[in-house]
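Before any comments, here is the structure.
The values are calculated or read from the model by the stated rules, or taken from the named source; none is laboratory data. The structure displayed is predicted, hence computed values, not measured ones. In this analysis, Cβ positions are derived from the backbone assuming ideal geometry, glycine residues included, and neighbour counts consider all displayed protein chains.
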Amino acid sequence: MKGIVIAVNRVRGMVAVQLEDGDHIVFDSLGGDFSKGDIVSHIKDEHGDQEVMNVSQGARETIYVEALNATIASALTLIR
């Protein structure tokens, strides 16, 4: 699955992404650098460790998915 980064909390290393289907996910960036507007692909519909592609930056990144199927409001609340 693919999505677009809608918000980043750099202090906590958390990222909110809106997926193609309209749902949202929240993940911890485990060393990668994500920015608002980045396109992220290879997202699996499961919690835990994943390797995704930051298409905008041309880099593979390791993430930890904290929340799936979130509303935009809950995704933004979770990354605060």
query: Does any residue in the range 30-54 that is more than 17 Å from E20 (Cβ to Cβ) come within less than 6 Å, Cβ to Cβ, of a residue that is at pLDDT below 95 and of a type in the set (S, T, Y) six or more places away or on a different chain, and which pairs are these?
result: none
message: Looking at I25, I43, I63 in this structure, which one is modelled with pLDDT of 95 or more, among the hydrophobic types (A, V, I, L, M, F, W, C) and within 18 Å of V11 (Cα to Cα)?
response: I63
query: Scanning the range 15-31 for residues that are more than 8 Å from the chain's Cα centre (by Cα) and of a type in the set (A, V, I, L, M, F, W, C), which turns out farthest from G48 (Cα to Cα)?
result: L19
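In the range 28-40, which residue that is closer than 22 Å to R80 by Cβ and of a type in the set (A, V, I, L, M) is modelled with the highest pLDDT?
The qualifying residue modelled with the highest pLDDT is V40.
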query: Would you call A73 of a type in the set (A, V, I, L, M) and surrounded by 15 or more Cβ atoms within 10 Å (Cβ to Cβ)?
result: no
- request: Look at M53 and say whether it is surrounded by 15 or more Cβ atoms within 10 Å (Cβ to Cβ) and in a loop (DSSP other than H, G, I, E, B).
  value: no
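Run down V26, V5 and say which single residue is in contact with a Phe, Trp or Tyr (Cβ under 6 Å, 6 or more places away or on another chain) and crowded, with 18+ Cβ neighbours inside 10 Å.
Answer to the selection: V5.
Yes/no matrix, rows are residues, columns are (1) of a type in the set (D, E); (2) touching a Ser or Thr at 6+ places or on another chain (Cβ under 8 Å); (3) in a strand (DSSP E or B); (4) loosely packed, with under 13 Cβ neighbours inside 10 Å:
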| site | (1), (2), (3), (4) |
| --- | --- |
| V11 | no, no, no, yes |
| Q18 | no, no, yes, no |
| K36 | no, no, no, yes |
| I43 | no, no, no, no |
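Could you identify the single residue in A70, A7 that is touching a residue at least 12 places away in the same chain (Cβ under 8 Å), touching a His at 6+ places or on another chain (Cβ under 6 Å) and not charged (D, E, K, R)? Talk me through it step by step, then tell me what you get.
Values: A7 fails: touching a His at 6+ places or on another chain (Cβ under 6 Å).
Only one candidate passes the filter, namely A70.
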- request: Could you grab me the full set of residues in the range 56-67 that are in contact (Cβ under 8 Å) with a residue 24 or more places away in the chain and either polar (S, T, N, Q) or part of a helix (DSSP H, G or I) (or both)?
  value: Q57, T62
